[in-house]
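Input: a single structure, listed below in C-alpha cells.
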C-alpha cells in the first residue's frame, strides 16, 4: 500500500518543491495539507487534488507520515508532536532552531520508535552517492575541502527574510558539512572565523585524525553558484561538483525512499540522529563566530 503522507507548510518551497514531489511519487498518497495560512493551504491542496485540513491534529489523524516545510523552531515542535502520535516524519535541515530543540525532537522520535528522515538534499543525488561510495574509498582519504559560493541571499534574490537571517551556515551549509562528514568521518571539533551573515570559514576536525576545511558565502552576484567537495589521500583524489545536483529527480528519490522506510519501518541512513549531529556542529561553529566578533 502507498504511504499516506501529509504536508505541513504553505510557503514557497512547499508550493514549488515538496507538494509537487509528494503528488508525483507513486509510492505515496498525498494525504493533505495544513498550514497556519488557511487560504494558502486550500489553494495548495486544490492544486494537487488533496485535502486542506483546518488543524494540525486533523492532518495527523489522517496520515501515516508527515513531511515538513516550515521554519526550524516550529518544525521541531510540530514534528515531535507528530512522532508522539506514532507518525513518521521527514524534516528539513537544520531540524530545529537550536540544539535543545534538536535534542527534544530526537528524544520524541526515539521514544515513539517512528521512522525519521532529514532532507539533506545533496545526499539523494546520484553523483554524490557515486562520489561517496565509489570514488572516496579509493583515495584512502585523510583530508579535504568544500566550497559553497552563491547569490542565494544577495539583494534581489527573492529569498525569504527568515532564510537570509539564518545565514548560509544553516542553509546549504548544512549540506556541505554533511557531505564532508560522510566522506571523511564524523566531525568532532570545529573552529570558525568570518561573519555569520557573510563569508564563513571552518576548520573541521574529524575522527581518526582527518581534517577538512569549508568555505561558505551567499552574498555573491545572483548568477554565481559554486558548490563542490574534494578529498585527498595517499592513493589519490576525488571531487564532486554539487552545483546542479539538486532538482526534481533528487526530491523524487528522497520521497520514494521516505515512502519505502515508512512502509517497511526500516530506519533511513539520514535519520533524526544525523540531523541532531549536524545541528551540534552548526551551533558550535556559530558560537565560535559570535565569540570572534
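The figures follow:
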quantity: Cross-chain or 6+ apart pairs with Cβ under 6 Å, region 192-208 first and without any contact (Cβ under 8 Å) to a residue 60 or more places away in the chain, then loosely packed, with under 15 Cβ neighbours inside 10 Å and assigned to a loop (DSSP other than H, G, I, E, B); calculated: 207/186
quantity: Cβ pairs under 7 Å, 6+ apart, first in region 210-231 and over 10 Å from residue 154 (Cβ atoms) and in the same structural domain as residue 190 (by TED's automatic domain parsing), second modelled with pLDDT under 95 and assigned to a strand (DSSP E or B); calculated: 225/150
quantity: Options 86, 32, 101, 40: the member that is surrounded by fewer than 18 Cβ atoms within 10 Å (Cβ to Cβ) and outside any loop (DSSP other than H, G, I, E, B); calculated: 40
quantity: Residue 275 being out of contact with any helix residue (DSSP H, G or I) (no Cβ under 6 Å at 6 or more places or on another chain) and either modelled with pLDDT of 95 or more or in the same structural domain as residue 99 (by TED's automatic domain parsing) (or both); calculated: yes
quantity: Top-ranked residue in region 10-29 [being assigned to a loop (DSSP other than H, G, I, E, B) and touching a helix residue (DSSP H, G or I) at 6+ places or on another chain (Cβ under 7 Å); ranked as farthest from residue 263 (Cα to Cα)]; calculated: 10
quantity: Scan of region 148-162 for residues that are in contact (Cβ under 8 Å) with a residue 60 or more places away in the chain, assigned to a loop (DSSP other than H, G, I, E, B) and surrounded by fewer than 19 Cβ atoms within 10 Å (Cβ to Cβ), ordered by number; calculated: 151, 154, 156, 157, 160
quantity: Tabulated pairs, region 264-275, first more than 15 Å from residue 93 (Cα to Cα), second in a helix (DSSP H, G or I), C-beta under 6 angstrom, 6+ apart or interchain; calculated: 268/261
quantity: Some residue of region 168-184 being surrounded by fewer than 16 Cβ atoms within 10 Å (Cβ to Cβ), in contact (Cβ under 8 Å) with a residue 40 or more places away in the chain, farther than 23 Å from residue 220 by Cα and not assigned by TED's automatic domain parsing to the domain that holds residue 74; calculated: no
quantity: So residue 145, is it over 13 Å from the mean Cα position of the chain (by Cα), outside the structural domain of residue 262 (by TED's automatic domain parsing), modelled with pLDDT of 95 or more and not in a helix (DSSP H, G or I); calculated: yes
quantity: Residue 209 vs. criteria touching a helix residue (DSSP H, G or I) at 6+ places or on another chain (Cβ under 8 Å) and on the phi > 0 side of the Ramachandran plot; calculated: no
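The values are calculated or read from the model by the stated rules, or taken from the named source; none is laboratory data. Note that the coordinates shown come from a computational prediction; the quantities given were computed from them, not determined experimentally. In this analysis, Cβ positions are derived from the backbone assuming ideal geometry, glycine residues included, and neighbour counts consider all displayed protein chains.
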